[in-house]
Amino acid sequence: MRYSLWSLINQALTGNRNWTPVWREPEPKSHYDIVIVGGGGHGLATAFYLASRYGKKNIAVLEKGWIGSGNIGRNTTIVRSNYLLDGNEPFYEQSLQLWEGLEQDINYNAMMSQRGIINLYHSDAQRDSYVRRGNAMRLHGADAELLNQDQLRRLCPFLDYENARFPIMGGLLQKRAGTARHDAVAWGYARAADQRGVDIIQNCDVTDFLIKDGVCSGIETSKGTIRAGKTGVAVAGSTSRVMAKAGLRLPIESHVLQAFVTEGLKPVIPGVITFGAGHFYISQSDKGGLVFGGDIDGYNSYAQRGNLPVFEDVCEGGMAIMPMIGRARMLRNWGGIMDMSMDGSPIIDKTPIDQLYLNAGWCYGGFKATPASGLCFAHLLALDEPHKVATKLRLDRFRRGAMLDERGAGAQPNLH
């Protein structure tokens, strides 16, 4: 069924009795041309682009839980491309361009809302660094605008501009940035991939890889052996555990990143706002809740829960720039498992094992990267060569000394 205004009207007039399941629940076949391990946003997007852009037919996506149970449903929904380095900015700008046409591509309402993002600056030196970042963005085709304090006051009159410790002097604005509905992105990609013949296998845990003479020929799962011509792994915070089954040790640590939502309020936050003198970011959902987050928890973990000291630290960051949110009551919080690479930048590459491919190391950038990650991973799996915007996202860059030290993530674990 193709969603449209007419199909909605038809269902309303017939008592909503003819809706069909959004995707099938097939049993796994014994062999696929390509198997994607990980049914989150990146894995589903990869399968969709393999089928829609590269004409691949015999594809499966394996998810150990249910669709939407991982990081794709556990984030703060921010979409942006305001990066600095040559290895990252073209990639994230490609992703933002795909976001802008995503709902038409997958025929699903992902609730994409381009309300903009403002990175606040609090000193002359920080302003100069944002000038550099904005120029880099514009050189790669992204939009960027430097706001002085008067311009910022007109957009965000509620900020604490006279804060003695963190005076707000202005901000870097990207108008095309914004938010999207995280679980709708997962459902939309799953539905679109399924309509193109992709088998989505839920509650299917990978227990081992079939590797002989340095070649991966498939996987062992909780639902039996599945042979594959190629196997791609996109499991975010579980990357280290899954790839250990293939005998690989990666330059990645897993950490918890918490997100928080308040009670519903009248519209007050115009877009996304980030604190330049600390780690805090906030937006407002369509239901009115303030959605915000900050630093990762300071310990390695595979648990989808965090601790109260980080909760307190994040709230302190919010209070520093907008004391008014101290009046809002917290509604809920959750934790996602972040696969933190050692230089703060992602990995999309072949592994040393033939026919085994890796998509990992997304740090704080996983959700916003979803479309480009899927497209670039699909390109690699289909053609055995990197996509033009992912040529520097190599696994061996750590050995070669060609790291992408993107500011905002940390070039070593204790700076994440």
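The values are calculated or read from the model by the stated rules, or taken from the named source; none is laboratory data. None of the values given here were measured: they were computed from a predicted structure. Every residue, glycine among them, receives a Cβ derived from its backbone with ideal geometry; neighbour counts consider all protein chains shown. Only protein heavy atoms, including side chains, enter the accessible area calculation; ligands, DNA and RNA are left aside. Shrake-Rupley method; radii C 1.70, N 1.55, O 1.52, S 1.80 Å.
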- Query: So what is log10(I(q)/I(0)) for the stretch 105-227 at q = 0.21 1/Å, when the Debye sum runs over its Cα atoms only?
  - Reply: -1.16
- Between the DSSP loop rule and a limit of at most 13 other Cβ atoms within 10 Å, which trypsin sites (Lys or Arg not before Pro) in the stretch 274-349 are left? K287, R305, R329
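How high is the relative contact order of the chain, in percent, with contacts defined as C-alpha pairs under 8 Å that are six or more residues apart? Walk me through the numbers before you get to the answer.
Working: 954 pairs, mean separation 91.5, N = 416.
This gives 22 percent for the chain.
Working out 0.36 nm times the residue gap between M1 and F311, then minus their Cα-Cα distance, what length gain in nm do you get to one decimal?
Numbers: separation 310, 0.36 × 310 = 111.60 nm, distance 4.32 nm.
Full extension from M1 to F311 adds 107.3 nm.
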- Measure off 7 Å from each Cα along the Cα-to-Cβ vector at D208 and L8, then give the distance between these two points in nanometres to one decimal. 5.1 nm
- Note on the structure: Share (percent) of C-alpha pair distances in the stretch 260-401 greater than 20 Å works out to 58 percent
- Query: Once Rh for the stretch 249-336 is found with the Kirkwood sum over Cα pairs, what is the Stokes-Einstein diffusion coefficient at 20 °C and 1.002 mPa s, in µm²/s?
  - Reply: 157 µm²/s
- Note on the structure: The correct pair for the stretch 321-412, radius of gyration to one decimal and Dmax as a whole number, both in Å and from Cα atoms, is 16.9, 56
- Query: Of L381, L147, L265, which is the most mobile in a GNM of the chain whose springs link Cα atoms less than 10 angstrom apart?
  - Reply: L265
- Mind checking which aspartates and glutamates have their Cα closer than 12 Å to the Cα of K287? Skip sequence neighbours fewer than 8 apart in that chain. E263
- For A228, distant residues with modelled amide H under 5 Å away: Y32, G218, I219
- Taking alpha-carbon centroids only, the stretch 120-195 lies from the stretch 75-106 a number of Å equal to 13 Å
- Quick one: of the DSSP bridges fully inside the chain, what percent are antiparallel, nearest 5? 70 percent
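What pairs from K368/K392; K223/K388; K175/K368 go past 26 Å between their alpha carbons? Write out the running numbers ahead of the final one.
Numbers: K368/K392 18 Å; K223/K388 37 Å; K175/K368 15 Å.
Exceeds cut-off: K223/K388.
Regarding the stretch 300-358, what whole-number volume in Å³ per residue does the convex hull of its Cα atoms give? Intermediate results must be reported in sequence, preceding the final value.
Working: hull volume 8.9 nm³, N = 59.
Enclosed volume per residue, from the Cα hull, is 150 Å³.
Taking every eigenvalue of the Cα gyration tensor of the stretch 181-231, multiplying by 5 and rooting it, what semi-axes result, largest first, whole Å?
So the three semi-axes of the stretch 181-231 are 27, 12, 10 Å.
Please give the length that would be gained between M319 and L383 if that part of the chain were fully extended, namely 0.36 nm times their separation in residues minus their C-alpha to C-alpha distance (nm, one decimal). Please list the in-between numbers first.
Details: separation 64, 0.36 × 64 = 23.04 nm, distance 4.94 nm.
So the chain would gain 18.1 nm between M319 and L383.
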- Message: Run the simple label-point estimate for A328 and D86 please: 7 Å along Cα→C-beta, distance reported in nm.
- Response: 4.0 nm
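Nearest 5 percent is fine: what portion of the DSSP beta bridges confined to the stretch 37-190 is antiparallel?
Values: 12 of 13 bridges.
Of the beta bridges lying entirely in the stretch 37-190, close to 90 percent run antiparallel.
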- Item | Using alpha-carbon coordinates, inclination of helix 308-321 to the longest axis of the chain, degrees | 50 degrees
- Query: Taking the Cα centre of the chain as the origin and placing charges on Cβ (Lys, Arg +1; Asp, Glu -1), which of T231, A369, A47 is farthest toward the positive end of the dipole?
  - Reply: A47
- Message: For Cα pairs less than 8 Å apart in space and 6+ apart in sequence, what is the mean separation divided by the residue count of the stretch 189-249, i.e. the relative contact order in percent?
- Response: 23 percent
- Task: Using a 10 Å cut-off on Cβ atoms, rank the peptides 89-102, 360-373 from the highest mean neighbour count down.
- Result: 360-373, 89-102
- Item | With Cα atoms, 0 to 90° folded angle of helix 41-52 axis to the chain main axis | 60 degrees
- For Y121, which sequence-distant residues (separation of 5 or more, or a different chain) have an amide H within less than 5 Å of its own amide H, given hydrogens modelled in the peptide plane? M169, G170, G171, L172
- Which of V256, A303, I200 sits closest to the plus end of the dipole of the chain, meaning its Cα is farthest towards the positive end, when Lys and Arg get +1 and Asp and Glu get -1 on the C-beta? I200
- Note on the structure: Taking a probe of 1.4 Å and leaving out DNA, RNA and ligands, the chain shows per residue an accessible area in Å² of 43 Å²
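Give me the Å³ per residue figure for the convex hull around the C-alpha atoms of the chain.
On the way: hull volume 60.1 nm³, N = 416.
Normalising the Cα hull of the chain by residue number yields 144 Å³.
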- Item | Environment charge at F158 (Cβ cut-off 15 Å; Lys +1, Arg +1, Asp -1, Glu -1) | +2
- Item | the stretch 265-416, relative contact order [Cα under 8 Å, separation at least 6], % | 18 percent
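Run the helix sum for the chain: -39,500 (n - 2.57) per DSSP H stretch of 4+ residues, divided by residue count, reported at 222 nm to the nearest 500 deg cm²/dmol.
On the way: 11 runs with 113 residues, N = 416.
My calculation for the chain gives -8000 deg cm²/dmol from helical runs alone.
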